[in-house]
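Quick notes on the structure that follows.
The values are calculated or read from the model by the stated rules, or taken from the named source; none is laboratory data. All of these numbers come straight from a predicted model, not from anything done at the bench. All Cβ positions, even for glycine, are placed from backbone atoms using ideal geometry, and neighbour counts span all protein chains on display. These accessible areas exclude ligands, DNA and RNA; they are computed on the full protein's heavy atoms, side chains included. Shrake-Rupley method; radii C 1.70, N 1.55, O 1.52, S 1.80 Å.
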Amino acid sequence: MKILYFDCFSGIAGDMILGALIDLGVDSAVLKKELRKLPLTGYHILVKKVESNHIAATDVTVTVTEEQHHRSLSDIIDLLKRSALDDTVKHLSQEIFQNLGEAEAKIHNVDVEEVHFHEVGAVDSIIDIVGSVIGIRELQVESIYCSPLPLGHGFVSCQHGMLPLPAPATVELLKGIPVYSVDRDQETVTPTGAAVMKTLADSFGHMPTMKIKRIGYGCGKILSSYPSLLRVYLGERYYPKRGKKQGND
């Protein structure tokens, strides 16, 4: 059974997921081609190799090149339905956005349809979420596992003013998921990262017994003394046979 294990030692965000999947071997040209099946224009995706604390990784940056408007959840669902994407990609992407929208709606005490994904953030979220689903499909994995998630502290400025970290929507999404506090004055887990893992991960905890085939590193945008990286392992689930001596294959 081919599996992925998300090792979120420094947190998780949408761009880090995309970078790690490309680093694992997802062809960025194929990813961009698939994303063009969305009826969405006015953006550019830059993929480049970088280093974080001398560890080679892949960085993905989405730049908005045209004026964008606010998008409601139904706008994004409609965009996905009108796309030429694979049905599984459509369904999983819709589920992620639904989870994200419901968390935001509860935090702000509004109907889910009153939640708007603002301008640049909407495009970023669409590319990160749909791109993550496409990338995982390209790797043809059967199960996804994720480590407990580290939560930083402090405050972040956004459309609604100053919000505490972890962002309220992030905390709402992470209900029932193992987390722990880290002494870092920064956002370590974004709402997008939390929504993707909440929807796609089969379980959270220690790395399952597996034979590692490849390792990918996705770079984040926060500068600190810590490596701003997401590490993802691709491999085969391993079930030792009783009575057989374990060793290198």
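Averaging the inverse of every distinct alpha carbon separation and then flipping it gives the Kirkwood radius. What is it for the range 150-249, in angstrom units?
Details: mean 1/r = 0.0619 Å⁻¹.
Result for the range 150-249 stands at 16.2 Å.
Between residue 185 and residue 2, what length comes free when the chain is fully extended (0.36 nm per residue of separation minus the Cα-Cα distance, one decimal in nm)? Present the calculation step by step, with values, prior to reporting the outcome.
Details: separation 183, 0.36 × 183 = 65.88 nm, distance 3.62 nm.
Contour length minus the Cα-Cα distance gives 62.3 nm.
Of the solvent-accessible surface of the chain, computed with a 1.4 Å probe and all protein chains present, 50% belongs to carbon and sulfur.
How far, in nm, would the chain grow between residue 54 and residue 66 when pulled straight, counting 0.36 nm per residue and subtracting the alpha carbon separation?
Working: separation 12, 0.36 × 12 = 4.32 nm, distance 3.50 nm.
Gain on stretching residue 54 to residue 66: 0.8 nm.
Spin-label model, residue 81/residue 95: points 7 Å from Cα along the beta carbon direction are separated by 1.9 nm. So, in nm, how far is label residue 114 from label residue 37 when the simple model puts each one 7 Å beyond its Cα toward the Cβ? Inter-label distance under the simple model: 3.6 nm.
Taking only the alpha-carbon positions of the range 1-145 and ignoring solvent, what does the Debye formula give for the base-10 log of I(q)/I(0) at q = 0.10, 0.16, 0.21 Å⁻¹? With no solvent term, the Cα-only Debye profile gives -0.35, -0.91, -1.43.
Once the Cβ-Cβ distance between residue 221 and residue 242 is put in as r, and R0 is 45 Å, what FRET efficiency do you end up with, to the nearest 0.05? Intermediate results must be reported in sequence, preceding the final value.
Details: r = 47 Å, r/R0 = 1.05.
According to the calculation, E is roughly 0.40.
Ordering 80, 92 by accessible surface, largest first, gives 92, 80; the 1.4 Å probe counts only protein heavy atoms, with every chain in place.
List the residue ranges in the chain for DSSP H helices whose C-alpha atoms run 27 angstrom or more along the long axis and whose Kyte-Doolittle average is 0.5 or above. Result, helices passing both filters: 119-139.
Relative contact order of the chain, taken over Cα pairs closer than 8 Å and 6 or more residues apart, is 34 percent.
Per residue and in Å³, how big is the convex hull formed by the alpha-carbon atoms of the chain?
Numbers: hull volume 34.0 nm³, N = 249.
So the per-residue Cα hull volume is 136 Å³.
Rounded to whole Å, give me the distance from the Cα center of the range 63-90 to that of the range 122-172. If we compute the Cα centre of each part, the gap is 17 Å.
Relative to the Cα centre, the charge distribution of the range 41-86, modelled as +1 at Lys and Arg Cβ and -1 at Asp and Glu Cβ, gives a dipole magnitude of about 100 debye. Annotation: extensible slack from residue 47 through residue 9 equals 11.4 nm (criterion: 0.36 nm per residue apart, minus Cα-Cα distance). Rolling a 1.4 angstrom probe over the protein heavy atoms with all chains in place gives the range 138-218 an accessible area of 48 Å² per residue.
Dipole magnitude for the range 103-249: computed about the Cα centre from +1 point charges on Lys and Arg Cβ and -1 point charges on Asp and Glu Cβ, it is near 1280 debye.
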